[in-house]
Amino acid sequence: MCKVYLTFNECKVYLTLINWHASYFAIKLNCGYVQNFIWGNMIEQFFDQSSSSFTYLVSSSKHNAFIIDPVKENNEIYIEYLDQHQLNLNFILETHTHADHVTGSGALIDMFGCKTFCGMVSDNTNIETLHDGQEILLDDLSIQAIYTPGHTDDSYSYLLKSSENTYLFSGDTLLINGCGRTDFQNGDPEQLYDSITQKLFSLDADTIVFPGHDYNNATSTTIADQKETNPRLVNKSKDQFIEIMNNLNLPTPKLMDVAVPLNLKLGKE
Ligand SMILES: [Fe+2]
């Protein structure tokens with residue numbers, strides 16, 4: 001019989017891993033999205049199938065909440081979730097001005113009287129333009145906005161620290177084994193390389209990363225995993241990364257001409 005003695009820190013890692021598996025489940029619904037993640041009732045992940053976008057709803061222990069990157073077509077789903085869990089929506093975070101879906105921010109602001117934090121500069125009084133390192137508080141939760149340009153020039157990632165874990169909502173800056181494209185909306189591969197390697201990869205290795213999209217049925221990753229496995233970054237110099245990004249030859253997003261102008265007005269006609 002093998003006996004293993006764990007230090008306190010090792011026990012904590014072990015329990016965290018158990019919690020990861022115990023708290024994961026997936027339900028495919030008929031309404032065009034997958035609601036697939038509950039983390040101690042604190043983080044809910046919604047998946048929009050038409051754009052492969054993730055939206056996150058984060059709630060505090062005092063029944064307050066914020067939403068990251070709401071998709072307009074799914075607003076009723078978020079509202080139903082808030083209602084069912086008796087949550088008040090306090091604010092919205094946008095990771096960037098999206099080209100592939102229309103944001104639900106404007107309609108949610110009208111309904112809840114809240115505001116949106118984002119990188120976009122606007123004279124809309126419902127928008128608060130972020131600065132790098134800005135701290136946003138919600139009860140016992142602290143969110144740090146990290147300016148991560150490169151996919152777009154208004155891209156922000158959000159770092160959320162709880163007593164158990166640190167979570168990064170990386171938008172399209174860092175995807176699971178990929179990253180956002182850099183060929184429109186003032187994208188810049190050199191800036192993206194610096195944002196990922198200098199800012200995001202300097203976070204704790206066990207930071208759990210929730211991306212803005214996934215196209216392969218994955219839901220999260222960690223900073224350590226991405227340092228080891230992301231094919232655009234592992235053993236790639238900045239010049240090699242720029243070469244890769246400048247030769248992706250991706251088609252223009254179908255909704256781009258509609259979504260970008262609407263999203264500059266928080267999705268309102
Ligand atoms: Fe994007």
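Fully extended, how many nm does the chain gain between ASP140 and GLU164 (0.36 nm per residue separation, minus their Cα-Cα distance)? List each step's numbers first, then the result.
On the way: separation 24, 0.36 × 24 = 8.64 nm, distance 1.28 nm.
So the extension gain works out to 7.4 nm.
Tell me, Kirkwood radius of the stretch 26-263 from alpha-carbon pair distances, in Å?
Hydrodynamic radius (Kirkwood, Cα pairs) of the stretch 26-263 is 17.9 Å.
Once the other residues with Cβ under 14 Å from the Cβ of LYS62 are scored (Lys, Arg +1; Asp, Glu -1), what is the net sum?
Residues near LYS62 contribute -2 overall.
For the stretch 62-169, treating each Cα as an identical point scatterer without solvent, what Debye log10 I(q)/I(0) comes out at q = 0.17, 0.19, 0.22, 0.24 1/Å?
The calculated log intensity ratios at q = 0.17, 0.19, 0.22, 0.24 Å⁻¹ are -0.83, -1.04, -1.35, -1.50.
Tell me which aspartates and glutamates have Cα within less than 18 Å of LYS265's Cα, excluding those fewer than 8 residues away on the same chain?
ASP69, GLU73, GLU94, ASP100, ASP110, ASP123, GLU128, ASP153, ASP154, ASP257
Taking 0.36 nm per residue of separation and subtracting the Cα-Cα distance, what length does fully extending THR125 through SER237 add? Could you put the intermediate results ahead of the total?
Details: separation 112, 0.36 × 112 = 40.32 nm, distance 4.20 nm.
Going from the current span to full extension adds 36.1 nm.
Which entries of LYS199/LYS268; LYS115/LYS268; LYS72/LYS254 show an alpha-carbon separation above 26 angstrom in the structure shown?
LYS199/LYS268
Relative to the Cα centre, what is the charge dipole magnitude of the stretch 26-263, using +1 at the beta carbon of each Lys and Arg, -1 at the beta carbon of each Asp and Glu, and rounding to the nearest 20 debye? Write down the numbers at each step before the final one.
On the way: 12 positive and 32 negative charges, 69 e Å.
Result for the stretch 26-263 is approximately 340 debye, rounded to the nearest 20.
Report the net charge of residues surrounding GLU94, where surrounding means a beta-carbon distance below 13 angstrom and charges are Lys +1, Arg +1, Asp -1, Glu -1.
Neighbourhood net charge equals -1.
Taking the Cα-to-Cβ direction at LYS268 and at MET256 and moving 7 Å from each Cα, how far apart do the two end points lie in nm?
2.8 nm
Could you give the size of the charge dipole of the stretch 51-124 about its Cα centre, using +1 on the Cβ of each K and R and -1 on the Cβ of each D and E, expressed in debye and rounded to the nearest 20?
The calculated dipole for the stretch 51-124 is roughly 260 debye.
Quickly work out the ASN186-to-GLU73 label distance, labels modelled 7 Å from Cα along the C-beta direction, and quote it in nm with one decimal.
In this crude label model, GLU73 to ASN186 measures out at 2.9 nm.
All of the numbers you see were taken from the coordinates with simple rules; none came from a lab. No experiment lies behind these values; they were computed from the predicted model shown. When we count neighbours, we look across all protein chains shown, and the Cβ atoms used for this are built from the backbone with ideal geometry, even at glycine.
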